[in-house]
Amino acid sequence: MQRTSSEPLDLLETAVEIARRAADTAARMRAEAVSSTIDTKSTDTDVVTAADRAVERQIAEELRTLRPGDALLGEEYGSAGEGAAVRWIVDPIDGTVNYLYGLPQYAVSIAAEVDGVVLAGVVRNAATGDEWTASRGGGAFHDGRPIRGSRQTVLAQALVGTGFGYDAARRTHQAAVLSGLLPHVRDIRRFGAASLDLCFAAEGLIDAYYEKGLNPWDHAAGGLVAREAGLTVAGLDGAEPGLPMVIAAPPALFGPLHDRLSALDAAGGA
Ligand code: IPD
């Protein structure tokens, strides 16, 4: 039956149903690829691309069936249905390098945005089945259990997650920022899937997270999970989280981390 509600919990229910099936497909395609013939890196990469596309197609088809009037923005196929009030933002497999290597840190990320505001989001680790959910104003959950972010206030004691883009020039700048930040924090973690990094921050497994160059599908769902878990999620200088910068940190840690990143021109470079 078709669905039209734009209530956060109704959107979340749809997102979760679809994400679970999508995660099953991603995990199954990897298992099948591993048990068949894969022996060269380029073939491996093709397998990742094929899985990414197949999972996004599955999500898009299910959304078209359940919610034909809605718009979609996906990593692989771009946008469809412009102008609709509800827009689904989809990363079919976030953490594709982990997927390639079999590191159990890759996720399906689905968010629902209404008039430009993210109201619901799910991030499901397709390797482990861990699932983080949030609805605007409704809190954040890991497998149904309410979660809160870290209460760390001191940057020097903060464990900070980050990630790097694929472009070499961007990485050069990101490396310079990282080397400027590293002496001022407890340590750095790089897990390889932005959506999961944001969920880890949401439950205090890391104190904070930042990254330049994220696309909406990388941070829409995880960003809501982090925000609903009590973190401040924003860009630099009062900007919305977006391509130039996404920072997620406990409110008292946000300022010091923000100022350090700003001084390092973290949103600059390529
Ligand atoms: C990437 C991952 C990675 C982050 C990159 C993203 P993908 O997404 O989230 O952790 O550092 O910026 O592009 O390519 O695996 O979907």
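The values are calculated or read from the model by the stated rules, or taken from the named source; none is laboratory data. None of these values were measured; they are calculated from a predicted model. Glycine also receives a Cβ, built like all others from the backbone with ideal geometry; neighbour counts cover every protein chain displayed. These area figures cover heavy atoms from the full protein model, side chains too; ligands, DNA and RNA do not enter into them. Shrake-Rupley method; radii C 1.70, N 1.55, O 1.52, S 1.80 Å.
Within region 63-77, the residues that satisfy the criterion of being in a strand (DSSP E or B) and either away from the ligand (no atom under 16 Å from the Cβ) or surrounded by fewer than 23 Cβ atoms within 10 Å (Cβ to Cβ) (or both) are Ala71, Leu72, Leu73. Filtering region 82-115 to residues that are open to solvent by 40 Å² or more (accessible area, probe 1.4 Å), assigned to a loop (DSSP other than H, G, I, E, B) and closer than 28 Å to Asp46 by Cα leaves Leu103, Pro104, Gln105. Contact map, region 50-65: residues that are among the basic types (Lys, Arg) paired with residues that are more than 12 Å from the ligand (Cβ to nearest atom), Cβ distance under 8 Å, separation 6+ or inter-chain. Pairs shown: Arg53/Tyr77; Arg57/Tyr77.
Scan region 83-103 for residues that are out of contact with any Leu (no Cβ under 8 Å at 6 or more places or on another chain) and farther than 16 Å from Ala193 by Cα and jot them down. Correct list: Gly83, Ala84, Ala85. When the strands (runs of 3 or more DSSP E) confined to region 174-234 are screened for residues that are free of Cβ contacts under 8 Å to residues at least 40 places away in the same chain, those reaching at least 3 such residues are found at 187-189, 232-234. Here the condition is being open to solvent by 30 Å² or more (accessible area, probe 1.4 Å), of a type in the set (D, E, K, R) and in contact with a strand residue (DSSP E or B) (Cβ under 9 Å, 6 or more places away or on another chain); of Arg260, Arg227, it holds for Arg227 alone. Filtering region 90-106 to residues that are more than 8 Å from the ligand (Cβ to nearest atom) and over 14 Å from Ala22 (Cα atoms) leaves Leu100, Tyr101, Gly102, Leu103, Pro104, Gln105. Going through region 131-171 one residue at a time, which ones are open to solvent by 10 Å² or more (accessible area, probe 1.4 Å), touching a helix residue (DSSP H, G or I) at 6+ places or on another chain (Cβ under 8 Å) and within 16 Å of the ligand (Cβ to nearest atom)? Result: Phe164, Gly165. One residue alone among Ala80, Ala120 is more than 14 Å from the ligand (Cβ to nearest atom), touching a Leu at 6+ places or on another chain (Cβ under 6 Å) and in contact (Cβ under 8 Å) with a residue 60 or more places away in the chain, and that residue is Ala120. The residue that is farthest from Arg30 (Cα to Cα), among those in region 116-159 that are of a type in the set (Asp, Glu) and assigned to a loop (DSSP other than H, G, I, E, B), is Asp143.
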